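None of the figures in this text is laboratory data; all of them are computed from the coordinates on show. What you are looking at is a predicted structure, and each value in this text was computed from that prediction instead of being measured. Neighbour counts run over all protein chains shown; Cβ positions are idealised from the backbone, glycine included.
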Amino acid sequence: MSQQPAPRDSLFREGRMSVGLVLPIRATDTENVDFREQVELAALAEQLGFAAVWVRDVPLNGPWYPESFGHPDPFVMLGAIAATTSRIVIGTAATVLTLRHPLHIAKAAISLDYLAPGRLVLGVGSGDRREEFAAFGEDSNHRRELYRAHWAELAAALEQPSRITRVVSDPAVDFELRPSAQSRIPMLALGSGGQSLDWIARNAPGWATYHRSPAVQQGRHELWRTAVERSAGGQFRSFSVALRIELLEDQAAPAEDIEIGYRLGSRALVDVLESMRDAGTHHALLNIVPNGMPARETLELIARHVLPENPS
């Protein structure tokens, strides 16, 4: 009897593009995050046909950070979402790999994979705020090396069976991470982490980057495809884009540029997503800008007017 494909297997497919949501989603800029509401919105997203929900990892706030509201811990939030959904892919976007111990990340990821079998995508990033690095006793100038070292240790811990590579005593003591992963949890690179595209293509099943103008993004995609051909033997490697959207009630409103995204109506959003798909994007992570509309209504509007035009 053949094994059923995991839900996350349909997230990244050649010639197709799926659409996911980045949490938290708020109606206004002044609104704090209601963690319970975010869990309810994730369940609604599943009902409406979105392919994935992603949770950001923001360890600390401060005057140097552009957002004043507090973010939930991504693994706690995804655990709650896993318990209230059954099909939608869940992911971190992105776990700050440099500021979390890789064994803690592995333990959390494996636990989520048991709670939501075949649904977790572990998006990882390097972080780039020197103030956060200082608070955790790290030097942001070393983030490139730290990212690479933590990636290797995390990847080993997620193997089946898990491997613990760190030498912690003399003489060495054997440790085991139990339970081991029950499936191959993908580690998606969000941003470059200070690494070359060739390194990412060799080590990650996919790369996610921020929105740029179509011409610039096309160039980045071509660089990625070249790196995949050169460093991954032509194996499939996904290309995803994180896109900020400020959705207007006027469905016919044209797209206007905002920071790493667009202000637009639903018809223009359909056109934007179709163009991204045709340019080689496999997954779009929609980060919804507060627009005064209740979050539930915004999701229902996208589901009603956009998702049917862009089937995953």
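Roughly what angle does helix 266-278 make with the longest principal axis of the chain, taking Cα atoms, 0 to 90 degrees, to the nearest 10? Helix 266-278 and the main axis of the chain meet at about 40 degrees.
Hydrodynamic estimate: the Kirkwood radius of the range 256-308 over Cα pairs, inserted into Stokes-Einstein at 10 °C and 1.306 mPa s, corresponds to D of 132 µm²/s. Provide the gained length on full extension for the span GLU274 to ALA135, in nm with one decimal, where the gain is 0.36 nm per separating residue minus the Cα-Cα distance. Result for the pair: 45.8 nm of gain on full extension. Residues VAL53, VAL22, arranged from fewest to most other Cβ atoms within 10 angstrom of their Cβ, appear as VAL22, VAL53. Counting only alpha carbon atoms, the long axis of helix 74-84 and the longest principal axis of the chain meet at about 70°. Think of the range 7-309 as a dipole: +1 on every Lys or Arg Cβ, -1 on every Asp or Glu Cβ, centred on the Cα centre; then among THR85, PRO59, GLY292, THR85 lies furthest on the positive end.
By other beta-carbon atoms within 10 Å, ranking THR28, THR281 with the fewest at the front produces THR28, THR281. Distance between the modelled labels on GLU31 and SER68, one decimal in nanometres: 1.7 nm (7 Å Cα→Cβ projection). Would you mind classifying the range 147-210 by shape? Square roots of the alpha carbon gyration tensor eigenvalues, ordered a ≥ b ≥ c; an a/c under 1.5 is rounded, otherwise it is prolate if a/b is larger than b/c and oblate if not. It comes out oblate by the Cα gyration axes. Counted over the chain, the DSSP beta bridges are approximately 10% antiparallel. Helices in the chain, meaning DSSP H runs of at least 4 residues, each add -39500 (n - 2.57). Divided by all residues, the mean residue ellipticity at 222 nm is -11000 deg cm²/dmol.
What's the angle, to the nearest 10 degrees (0 to 90), between helix 102-115's Cα axis and the longest principal axis of the chain? Approximately 60 degrees, to the nearest ten.
For the range 226-239, backbone phi angles converted through the Karplus equation (6.51, -1.76, 1.60; θ = phi - 60°) give residue-by-residue couplings of 5, 5, 5, 4, 7, 10, 10, x, x, 5, 5, 9, 6, 10 Hz, Gly and Pro being listed as x.
Rounded to the nearest 20, the size of the Cβ-charge dipole of the chain about its Cα centre is 880 debye, with Lys and Arg at +1 and Asp and Glu at -1. Between GLY265, GLN160, VAL19, the Cα set farthest toward the positive side of the dipole of the chain (charges on each charged residue's Cβ, about the Cα centre) is that of GLN160. What is the calculated FRET efficiency for HIS142 to ARG304, with r their C-beta to C-beta distance and R₀ = 41 Å, to the nearest 0.05? The value I calculate is 0.30.
Backbone N atoms of the range 264-286 closer than 14 Å to the 7 Å Cα→Cβ label point of ARG225 belong to residues 276-282.
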